[in-house]
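Below is one structure, written out as structure tokens, with a few remarks after it.
The values are calculated or read from the model by the stated rules, or taken from the named source; none is laboratory data. Model, not experiment: these values are computed from the prediction. Here the Cβ positions follow ideal geometry from the backbone for every residue, glycine too, while neighbour counts run over all protein chains shown. Surface accessibility is based on the protein's heavy atoms, side chains included, excluding ligands, DNA and RNA. Shrake-Rupley method; radii C 1.70, N 1.55, O 1.52, S 1.80 Å.
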Amino acid sequence: MGKSSKDKRDAYYRLAKEQGWRARSAFKLLQLDEEFDLFANVTRVVDLCAAPGSWSQVLSRVLIKGEKFGRTAWQDKEARFRQQMLGILPQDEQKTEADKTIDEQQEERKPREDVKIVSIDLQPISPLAGITTLRADITHPATVPLLLSALDPDFDPKMAGTQASHPVDLVLSDGAPDVTGLHDLDIYVQSQLLFAALNLALCVLKPGGKFVAKIFRGKNVDVLYAQLKIFFEKVIVAKPRSSRASSVEAFIVCINFQPPDGFRASLEEPLGVGGRLDEMLKEREAQKTDTEMQGAAAISEQGVVEMEVYDDVPEDKERNTRWIAPFIACGDLSAFDSDASYQLPEDHVSLDPVQPPIAPPYKRAIEMRAALSGSQR
Amino acid sequence: MAQPREVCSPATPPSSILNSLRRKLHLARAFSQCPITALAFFRDASYLLAGEDTDLVVYDLRAGHVVTRVRVFAGQPIHGIRVLNGRVLLWGAAKIAVLAEDDVEELIRGKDVDALALKRVTAPDWIYDAALSPFDAEAAVLITAHNEVIPVRFDTPDGTPTLGAVVSPSRPMLYAANLKWVSDNCVLVAGGTVFGDILMWKYHLNQEQPEMLSVLADHEGSIFGVHISDELLCMDGSKIRLLASCSDDRTVRIWDVTDRQVEKSGRDTQHELVAPRETGFGSTPGLNDAETERPIAVVMGHMSRIWGVKFAPLNPGDVRPAKTLAVYSFGEDSTMQRWRLDLDASSSGDARDPTSRVSAVFKHQDIVDVHDGKHLWSHALTTLGEQTIIATGGADSKISLMTESTFSTPSPEHNPVHEITTLDLRDVLSSLPNPRALGPGRGLEIIGRYDFFSQDEVLATTSKGRLMLGTFDKGLHWREVDLEDSIASGIQSTYVLKTIGDGAALLGTTSGSLYHYCGTQGASLIGTVPGKVVNIVLLTGLGEAHDTSVELLVHLHGTPDAQHFTLDWRTGAVLAKADIRGMDPRFVAMSAAKIKGGLIAIGSRHGWLSVLRRGEEGFRPVLDFATSSKDAITGIVPLPGKDADGTASPYFLTTSRDSKYRIYEIENADSDVHLHIRNETAPPFGSIIEGGWFTRDAEPELIMYGFKSKKLIVWNETRRQEIAAIECGGSHRTFTLMHDPTDPHRLRFGFTRTSKLFIYSQRESVHRPVKTGTHGREIRALSCNGRYIATGSEDTTIRIWEYKGQQQRQSGGREMRCLASMKLHITGMQQVKWLGDDYLMSSAGNEEFFVWRVRRLNNTTYGGLGVVCEAVFDDKSKHGDLRIMDFDASKVGPDGSIIITMLLSNSVLKTYRYSPDGSFRLLAHMSYTGACLTQVRHLEVNENGLSALTGATDGHMATWEARFDQDKIRSHVLVHVAPVHQNAIKSLDLRATPEGFQVLTGGDDNGLAVTSLEVLSDDAGIRRYTVSSRAIVRKAHAAAINGVALIQRGEATLGVSVSNDQRVKVWQIGSERTELVADEYSGVADAGGVEVMASTHDDDENSDRLRLIVGGVGVEVWTV
Ligand SMILES: C[S@@+](CC[C@H](N)C(=O)[O-])C[C@H]1O[C@@H](n2cnc3c(N)ncnc32)[C@H](O)[C@@H]1O
């Protein structure tokens, strides 16, 4: 697909270029922040699976430079207008939003102090001012000490074990494997990235901290939700408008880190393999009444009646403990729609991406094939 | 805007009230066609074991059908099967199951599958490979996705496997692994990592410490397949071992992994592994004591990622040194490629001197492309005597079997399945005892024209007037036919040689002479025509024993006029002769056939069809018909009729070089003849179709052949199977193909290349399907019309299926039979919908929208459907680059008009009037908010206007109204909009109720919502609707709900939902409450939708059951 047709097909691709982001993913983080206020009181952050680095850019601009981003960054003015015309936006929402926009513009830049951001990826990340970037596999055991020493210059791998002495407020992971198409393998590899991120979070996150990670909503995702709930007070699955409805991707937002008593992250017994988590869950379940696992009481909103479900279908004993996290769509309704195509003005100039895409491992194969077919002609 | 009436939250009834319906509801999977994820041969390749989703399926390879099917895991596909020493081990993700070979044997003999003694255990992690020990029948090892080996033992009292302690030298994520037992207590391990390294290590039974051997770090992308070879014998008697690997970088590499026992420095690697270090792409692993090595051979293959690579197993009896090995690779591009690896292995070499070691050269041998779509997920190889048997399983749920000769020199009695014979005339002549002496004549003598003369003979002319007859009998044996001098000099100018019956041929020369030749009578001149003979076309097929005569046309150079002959094909006696006159002067005949009512159809080089009728003065055209092809019509074949003589079918088929075949119906009124196109299809096999025929079965199958790049492909369109793919260098002007009349798999193909004659013969198809498949990509949309199911896939094709009892199978086995496959869309499908029995519509990206006419063909025994694209939507936006997300269509009025409302991805809805002449007229359009509209249904339509319902990515449902105007394009008016879901509405179904409609929607938000629509007013004929109540089950599924269906069953309303979480759920929807009444695992990932197929009245006991079909990655049929 050419640049220009991609601009039309994908509003966020175009916006990212216009606003200087290395990837359209930046909007996912911005929209998650808008819903969950992720960056409130945050100065120390770990960004996992961060290449090409648009989330790190967001962190840098918000935390280091003190910039503010709000709906204006991704709002489709035309859509707002049409929504008002068609009577879709309730009156009061229109007003508060208008206020908010003004607030945003008037606020001053407030750079934060003692900001520490460490970003990790398998791929090299072009340098970003004020950010420590590391090239590493987050599933690899050697990455734990690597991260700890990046966070704390005094760290000694031989002495300190696996717990950060200066923990962080927020751990992000946007990790995704190169999907194969064998669905359960892809889901497995994705869950391993999630567990690797969680494992690192358990080493570096301070109690009360937040953890946000990409998740594939596929088979057995409810097992993952239940397991994450062991460590956090609130677990919500969020889908930003900038993430396509046609994609299985969503983000798990885990708030208020509360490691179970006596729990220690361990390299020897990493999460995600073995039955450790499921055992912990079964134990918890036995102790607690069911209210906890039922999730937050759902609110009846805008006249939609919440239906209770009478579910007496017997549970399969072989199946793990499951729980479905509440779902929240974020980025307001007038955000650009990542599934829609947009008309662009006649004189639209398609910009080059901020960073050229990473060369794929089969680049050489493509070049050789091209050379071969060229020489035959 | 009108406000909807709010409905108060209903009081929730006590949960003790249980509805009796639930207990009656039994949701069962009746049929499934899922990706084939594991394969293994059983009992010397008499049987094949296949992992199809959760089930182990056993195929009898001789009989070619399923013997039995056992569910192995509750909700987990099988990823691997190993058979050894009386035991069958299966695994999927972290789950393991074992059973005895004898149990499988029992199953094959028909023992009840439920009584099966499957023993299961769960490993701590995902498993990539398992190896049963050849040394100890009670032992096996597993390797996990984190490079850990787990020992397994089976000698427990009840046979349940027990897992031992996990051992690993380091735990990076792997994408592939392979295990090989090298002694009774040692296993060689190869693990391929995400970032391109291969870790070679040894696992010693009962030892905690693994032995790291080497890190092979040369690939540039993730490793997707590794295979450790058997030990290979060198010339000097020493042994070597190789490793094959394949990767995201599109290469296959071969490594020398011979164990040379060098002194190890003995450093502690464990500590270094947990030391802080970078591990990403391009960083060097810190394993100092492991040697870094280079591959001994590298080759690039496949169009995309390579999922697997295997050495062909060595023949256990073969004790000769290894010189050539066959290596097979299996790709995302759904092809299998065969490589020949020539080894230079005089000696295993010196451990200290790498230059003295083995070297190898790769050569590409063959590409086998018999699966649809993407991905070969599974394969099995075995060597039996001089044959290697390979089975492949794909994402298309097809299993294909192929037999190849091994590279070792064949023994004389070896009778290959296929072979190619080359004929160099000089060699042949010099081997003849006494070739006829010819005059000096100029130039080299070369092969002229040729044709297969009978099942076992080929007849050829030479440029100097010889007639040569070759007989196939363990090779090809030639003799020269004795000819009188006068005939020999005539035959020298032969331009056409055509077999007209079994052992009889006609030769036409540039001077207009026609010679007949048969074995008993020899050659004779039977007539002359006024011009140079350029073509002879049989009108009635080859003469056979019961025929007395054949009819044929002789075409002349430079004129469309031709001669019609009726001959006694045995003797060559001319029984009748007629002129063909009055043709358009531009007409160049290519093909012809006798069709219904004694008419003759002739096809031209430029795509014209001429239909001729016999009059007093000979044949005269009664219709000149421009087909939609501008390319040559290469063949005309009448469809087999239902009458005993088989000629009276009103249809004939044409094949064309424009890559399509077409079926026409002849309307033969007294004076006028009309042709109506009933089918137009581009079969998938190639770009140039050269001809075809129907088999003589009770249900005739359509076979076609043509050229695709450098190969001639013979293709069974009915079964969608390739019969042969013959490397011939590309499209040829002169070639000849002969098939056995009763077995289309036995065939011969002759072609000339660099003035040599090549003859390819096959006894049977090189590969044959053990199981037929479906789309090889995700099904994005499906629709049922009671009888047929239409599916639209990411592979851009639409297929039409019939779900029916299998022909060959007992026990009421069912299959999805593909009746048509249409490849006209060029972007991924969005939607397909039937409108009544005969209209099918489809939409995709790039504003592609097609209207298809689908008819059954009557008065023929051919079972294919007639499918024609009646119209292509052309009212596109300026750039024509929007997706048509969904549409709805309703018939209105007596003239066959159809009102179509479509949704474009830029938030626009448009309503058209479609007329059967193929035109679209825009009636109304409107923009929604900018959010992408995803669902549309007509609530009411008539000539004057419509009322419609839409759903969008913003989670809102909207009702619309439009009035149509003769002269003006109108706007749809938004009647009411209401939020229902939090974000995209991904599926929608509705049913009429006394008050209006009940709507069931599935969202990306995991929610299942029930919405009621009520009539607001019907002042001017079209009723307007508003949303009167909304209710939602928030956590109906754990993931997006991609398909819903509403079913009325007696008093009860049932809702069905399918989701990315791979559960199929049935809900009872009451006015007060909604109840989950069934919840089952589904093997269909990435479901595209669910449809009600009809109740199962046509078969057996459970007549009131409903059938549902789910499509996505695979298809499933469920009964409720
Ligand atoms: C969707 S991209 C991240 C985009 C990033 N958040 C941004 O805003 O630019 C996913 C990244 O995950 C990385 N990744 C995948 N597996 C990884 C692993 N095992 N360790 C580290 N990074 C990994 C990939 O290299 C890729 O760059």
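Considering the options B:A931, B:S183, B:G572, tell which one lies farthest towards the positive end of the dipole of chain B, charges being +1 on Lys and Arg and -1 on Asp and Glu at the Cβ, about the Cα centre.
B:G572
For A:L344 and A:V305 in the same chain, what is the full-extension length gain: residue separation times 0.36 nm, less their Cα-Cα distance, in nm?
10.1 nm
Would you mind classifying the stretch B:969-1120 by shape? Square roots of the alpha carbon gyration tensor eigenvalues, ordered a ≥ b ≥ c; an a/c under 1.5 is rounded, otherwise it is prolate if a/b is larger than b/c and oblate if not.
It comes out prolate by the Cα gyration axes.
Carbon and sulfur together cover what percent of the accessible area of the protein assembly as shown at a 1.4 Å probe radius?
48
Semi-axes of the equivalent ellipsoid for the stretch B:832-968, please: Cα gyration tensor eigenvalues, times 5, square-rooted, ordered largest first, whole Å.
So the three semi-axes of the stretch B:832-968 are 27, 17, 14 Å.
Could you work out the helix-only [θ] at 222 nm for chain B, with each DSSP H run of four or more residues adding -39,500 (n - 2.57) and the total divided by the number of residues, to the nearest 500 deg cm²/dmol?
Estimated from H runs of four or more residues: -500 deg cm²/dmol.
How many times 2.2 N^0.38 Å is the alpha carbon radius of gyration of chain B?
Taking N as the residue count of chain B, the ratio is 1.08.
With the Cα gyration tensor of the stretch A:153-233 in hand, convert its eigenvalues to equivalent ellipsoid semi-axes via √(5λ) and list them largest first in whole Å.
Here the semi-axes work out to 27, 15, 10 Å.
Putting +1 on Lys and Arg Cβ atoms and -1 on Asp and Glu Cβ atoms, find which of B:H879, B:I826, B:W852 reaches farthest to the positive end of the dipole of the stretch B:815-891.
Selected residue: B:W852.
Which loop chymotrypsin sites (Phe, Trp or Tyr not before Pro) in the stretch A:201-288, with loop taken from DSSP, have no more than 13 other Cβ atoms within 10 angstrom of their Cβ?
A:F263
Once you list every other residue whose beta carbon is under 12 Å from the beta carbon of B:D372, what net charge do they have if Lys and Arg are +1 and Asp and Glu are -1?
My count for the surroundings of B:D372 gives 0.
Rounded to the nearest 100 Å², what is the buried accessible area between B and A, both sides summed, probe 1.4 Å?
Looking at B and A, the buried total is near 8400 Å².
Based on Cβ point charges of +1 for Lys and Arg and -1 for Asp and Glu, what charge dipole magnitude is obtained for chain B about its Cα centre, in debye rounded to the nearest 20?
I would put it at about 1500 debye.
In the stretch B:576-609, which trypsin sites (Lys or Arg not before Pro) fall in coil by DSSP and have 12 or fewer other Cβ atoms within 10 Å?
The qualifying sites are B:R586.
Please report, in whole Å, how far the alpha carbons of the stretch B:69-147 spread along each principal axis, starting with the longest.
Per principal axis, max minus min of the Cα coordinates gives 40, 33, 15 Å.
Let's test this: bin the Cα-Cα distances of the stretch B:567-607 at 5 Å from zero up to the farthest pair and state each bin's percent.
Result, from short to long distances: 5, 17, 19, 23, 20, 10, 5, 0 percent.
With labels modelled as points extended 7 Å from the Cα through the Cβ direction, what inter-label distance (nm, one decimal) is found for B:S489 paired with B:E995?
10.2
How many angstrom lie between the Cα centre of the stretch B:175-252 and the Cα centre of the stretch B:842-918?
The stretch B:175-252 and the stretch B:842-918 have Cα centres spaced 55 Å from each other.
Give me the tail of P(r) for the stretch B:109-171 as a percent: Cα-Cα pairs with distance above 15 Å.
In whole percent, the long-distance tail amounts to 57.
In whole angstrom, how far apart do the alpha carbon centroids of the stretch B:127-159 and the stretch A:190-261 sit?
34
What nm value, rounded to one decimal, do you get for the distance between B:T571 and B:S671 when each label is placed 7 Å out toward the C-beta?
A separation of 4.3 nm, rounded to one decimal place.
Please check which bits of the stretch B:720-747 a label hung off B:I420 would reach, taking the label as a point 7 Å along Cα-to-C-beta and the cut-off as backbone N under 13 Å.
B:725-731
Just check the protein assembly as shown against the gyration tensor rule for me: Cα atoms, a ≥ b ≥ c as the square roots of the eigenvalues, rounded for a/c under 1.5, and otherwise prolate or oblate depending on whether a/b exceeds b/c.
It comes out oblate by the Cα gyration axes.
Residue farthest toward the positive end of the dipole of the protein assembly as shown, with Cβ of Lys/Arg at +1 and Asp/Glu at -1: which of A:V248, A:V168, A:Y188?
A:V248
Suppose all protein chains stay in the model; what accessible area per residue would a 1.4 Å probe give for the protein assembly as shown, in Å²?
Spelled out: the 1.4 Å probe surface of the protein assembly as shown, per residue, equals 40 Å².
Can you tell me, using C-alpha contacts under 8 Å and at least 6 residues apart, the relative contact order of the stretch A:129-275 as a whole percent?
24 percent.
Within a 10 angstrom radius of each residue's Cβ in B:978-985, how many Cβ atoms of other chains show up on average? Whole number is fine.
Per residue, the average neighbour count from other chains is 6.
What does the charge count around A:S56 come to, taking other residues whose C-beta lies under 12 Å from its C-beta (Lys +1, Arg +1, Asp -1, Glu -1)?
Here the charged neighbours net out to -1.
Looking at this model, which pairs from A:K68/A:K206; B:K180/B:K202; B:K464/B:K756; A:K77/B:K910; B:K833/B:K986 are more than 18 angstrom apart at the alpha-carbon?
Check vs 18 Å cut-off fails for A:K68/A:K206; A:K77/B:K910.
Quick one: P(r) of the stretch B:638-796 from all Cα-Cα pairs, 10 Å bins, percents rounded to integers, in order of increasing distance.
Binned Cα distances yield the sequence 9, 30, 34, 20, 6, 0.
Name the GluC sites (Glu not before Pro) in the stretch B:571-673 that are in a loop by DSSP and that have at most 16 other C-beta atoms within 10 Å, would you?
Sparse-neighbourhood loop GluC sites (Glu not before Pro): B:E616, B:E617.
Between A:L351 and A:K234, 0.36 nm times their residue separation minus their Cα-Cα distance comes to what?
Gain on stretching A:L351 to A:K234: 38.1 nm.
If you place +1 on the Cβ of every Lys and Arg and -1 on the Cβ of every Asp and Glu, how big does the dipole about the Cα centre of the protein assembly as shown come out, in debye to the nearest 20?
Here the size comes out at about 2660 debye.
Evaluate the Kirkwood expression for the hydrodynamic radius of the stretch B:481-612, namely the inverse of the mean inverse distance over all pairs of different C-alpha atoms, and round to one decimal in Å.
15.0
For the stretch B:638-770, with only Lys/Arg (+1) and Asp/Glu (-1) charged at the beta-carbon, what is the dipole magnitude about the Cα centre, in debye rounded to 20?
1000
What list of whole percents do you get for P(r) of the stretch B:720-871, with Cα-Cα distances grouped in 5 Å bins up to the one holding the largest distance?
All Cα pairs considered, the percentages come to 2, 8, 14, 15, 14, 13, 13, 11, 7, 3, 1, 0.
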